[in-house]
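The values are calculated or read from the model by the stated rules, or taken from the named source; none is laboratory data. This one's a predicted model, so the numbers in the text were calculated from it and none came from an experiment. Here Cβ is always computed from backbone atoms with ideal geometry, including for glycine, and neighbour counts include all displayed protein chains.
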Amino acid sequence: MLSRIKSAARILINGEQKKKNRNPIPAITKEEIAEIKQFFPREKFFILGHARSGTTLLMRLARLHNEVHCNYQAHFFTRKPLLKSLVDSPEAEEWLTRKSNRWNQSKDLSPLVLRATADFIMEREAIKENKNIVGDKSPSSNIHGQAVRDMHAIYPDAKLIYIVRDGRDVLISERFRNFVEESKFFDSRRSTHHL
């Protein structure tokens, strides 16, 4: 009680302390996975790869299976704002770890919040389609190791499908897409054929 009074007095005199950075979000535990699967039982997978590398084709092929629903592009882990932005602040951390909160059993609930959010988004579609396996495809031109680490921290039990295409083909595909979909990249006055 005395420490709370001292803290309140300090805030009154000096103002509120500058907010610290959030501690790292802990990885989900095996026990938490078992717990959350009671509510969201479907198997999950994520298709990642560079843009124009065939992720859409792979997603469409996966959807042909009578047990699989795959949609796109939630970018849970590949494009800002990321899924972890839901809990990535000192305020969110404080709320999710508050010692007076008996719901959290003295743990950081962040991984459960992130997992439950993504599971709900994916499984609500899979339920409508009556599918038992659900995935997301999120291509990105800047995929890096952090995206895979973030995915694994929340979904260590999910499958990661990473598609790789020859970079020359990716470039040709990108230029063709720009030519077809975005005519601003095509200037008819400069189109001369050179032999």
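Tabulated data
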item: Members of segment 25-50 that are in a loop (DSSP other than H, G, I, E, B) and within 16 Å of the chain's Cα centre (by Cα); result: Ile25, Pro26, Ala27, Ile28, His50
item: Selection from segment 134-148 of residues that are outside any helix (DSSP H, G or I) and loosely packed, with under 14 Cβ neighbours inside 10 Å; result: Ser141, Asn142, His144
item: Search result, residues across segment 118-141 that are in contact (Cβ under 8 Å) with a residue 60 or more places away in the chain and either more than 18 Å from Pro156 (Cα to Cα) or touching a Cys at 6+ places or on another chain (Cβ under 9 Å) (or both); result: Ala126, Glu129, Lys131, Asn132, Ile133, Val134, Gly135, Asp136, Lys137, Pro139, Ser140, Ser141
item: Residue within segment 109-117 that is among the basic types (Lys, Arg), part of a helix (DSSP H, G or I) and in contact with an Asp or Glu (Cβ under 9 Å, 6 or more places away or on another chain) present; result: yes
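Listed here are the residues, each with its yes/no results for (1) modelled with pLDDT of 95 or more; (2) surrounded by 11 or more Cβ atoms within 10 Å (Cβ to Cβ); (3) of a type outside the set (Phe, Trp, Tyr); (4) within 21 Å of Ala27 (Cα to Cα).
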| residue | (1), (2), (3), (4) |
| --- | --- |
| Gln105 | no, no, yes, yes |
| Pro111 | no, yes, yes, yes |
| Asn132 | yes, yes, yes, no |
| Val180 | no, no, yes, no |
